[in-house]
1. Go through region 149-164 and report how many residues are open to solvent by 60 Å² or more (accessible area, probe 1.4 Å) and within 23 Å of Val105 (Cα to Cα).
2. Kindly indicate whether Leu128 is in contact with a strand residue (DSSP E or B) (Cβ under 8 Å, 6 or more places away or on another chain), in contact (Cβ under 8 Å) with a residue 60 or more places away in the chain and in a strand (DSSP E or B).
3. For region 131-148, how many residues meet the condition of being under 30 Å from Ala182 (Cβ atoms), in a strand (DSSP E or B) and open to solvent by 50 Å² or more (accessible area, probe 1.4 Å)?
4. For region 165-172, indicate whether the set of residues that are in contact (Cβ under 8 Å) with a residue 12 or more places away in the chain, over 17 Å from Lys108 (Cα atoms) and surrounded by 15 or more Cβ atoms within 10 Å (Cβ to Cβ) is non-empty.
5. Pull up region 181-228, narrow it to residues that are open to solvent by less than 70 Å² (accessible area, probe 1.4 Å), touching a residue at least 40 places away in the same chain (Cβ under 8 Å) and hydroxyl-bearing (Ser, Thr, Tyr), then point me to the one that is farthest from Pro98 (Cα to Cα).
6. Out of all the residues in region 94-112, which are in a loop (DSSP other than H, G, I, E, B) and either within 22 Å of Lys222 (Cβ to Cβ) or open to solvent by 90 Å² or more (accessible area, probe 1.4 Å) (or both)?
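The values are calculated or read from the model by the stated rules, or taken from the named source; none is laboratory data. Since the structure is predicted, the reported quantities are computational estimates derived from the model, not experimental observations. FYI the Cβ positions are ideal-geometry reconstructions off the backbone, even for glycines, and counts take in every protein chain you see. Keep in mind that these areas ignore ligands, DNA and RNA; they rest on the heavy atoms of the full protein, side chains included. Shrake-Rupley method; radii C 1.70, N 1.55, O 1.52, S 1.80 Å.
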Amino acid sequence: MKSNPLLSNIEKIVFGLLILISLIVIVIYQGRIYIKDETIKNKIAGVKFNLPPEKIEGVKEYNDLIARLKRLDSFSKYEIYLARNGFLKYIKPVPEIPPFELKAVRKKYLDVEYRGFIESLSGTVAQLKVKNRSYFVKEGDEIDGYTVKKVCNDYMLIKDGAGVEYILPLGEKILSNDYEAALYVSKTHKTVKVKLGDIVNGFKVLDISPENVVLYNQTYNKKLIVEK
């Protein structure tokens, strides 16, 4: 009896069909994955993702600035700006008005003046005005801290307690080595003349130079240097 070739190869046919079905399933599955992947790409194409902190523009400069401030300066001076409400209008603080303002500095006239002389048998007697009082003096006399070194008809030579000598022309005032200053006092809105040792608005004048005036308040142990 002649055998049927289809029956004799049934196992091969079934095996081949299984392989074909497997290939079809794999192709369909891969196609779905591809379509799904493309769909996901299309969905996220318009989405903007936040950059990591270190990639944000300006963050590095900000961190560098903070580190530099901490290293070079006290951060307390910036606290006033950090504490301010950022939603309120910024109003620049009004600068504090200085208590004194130096208007002018000039040399004082010496408080001694040669006013005249009288010649006698005992020598020349000079009239010397010291502050607001007149004296009759001769060479070698000491009056109110000044020593009369020489008396002539047209001038007199004197020396003060610090050893500084002055030539006093007859009838003329001369400038001393000391200064006086004109200070504007903010509290009283007045300008006053001061000299060394004066007290103005609770401050004592310690020094006067052509450039500044040095003041000191003993109660508050506060020193001020008022410059032009």
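1. Qualifying residue count, region 149-164: 1.
2. no
3. Total meeting the criteria: 2.
4. yes
5. Of everything passing the filter in region 181-228, Ser209 is farthest from Pro98 (Cα to Cα).
6. Val94, Pro95, Glu96, Ile97, Pro98, Pro99
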